[in-house]
Amino acid sequence: MKQVCGSSKLELAQYREVAAFAQFGSDLDAATQALLNRGARLTEVPKQPQYEPLPIEKQIVIIYATVNGFCDRMPLDRISQYEKAILSTSNPELQKSFLEKGGLTNERKMEPDASLKESTLPYL
């Protein structure tokens, strides 16, 4: 979990700081726009329906997809549909591999990346 979500804490802090200043100015460069877009998705992803908590391995898959930019071009209103789609199409062994003690090696990252790229295309 720490390995997957490591950079999201910093990105959320940067997003909140920049979002406060972005309200006052309309001239934003591409990097700032990208930061605002990623931050909006990072705040949308953890939302879950009441009394329907997701198991931790499913949460990790969703957060992994967001942190690694698979949701960056997706409209915010389609995020919840996308979450359901990647959970239904992702391999249960893949979900459990995120919980293994060894963490994600470069070889292990290839499988979720390929699976997530394939499931992201219909939602863009």
*Alpha carbon Rg of the chain, scaled by the compact-globule rule 2.2 N^0.38 Å*: 1.10
*Can you give the net charge of the other residues whose Cβ lies under 12 Å from the Cβ of Glu11, counting K and R as +1 and D and E as -1?*
+2
*Over the chain, what relative contact order in percent results from Cα pairs under 8 Å that are six or more residues apart?*
28 percent
*Could you please report the charge total around Ile56, scoring K, R as +1 and D, E as -1 over all other residues with beta-carbon less than 14 angstrom from its beta-carbon?*
+1
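Throughout, read-outs are computed from the coordinates displayed, never taken from laboratory work. Since we're looking at a predicted model, the values are computed, not measured. Note: ideal-geometry Cβ built from the backbone for every residue, glycine included; neighbour counts use all protein chains shown.
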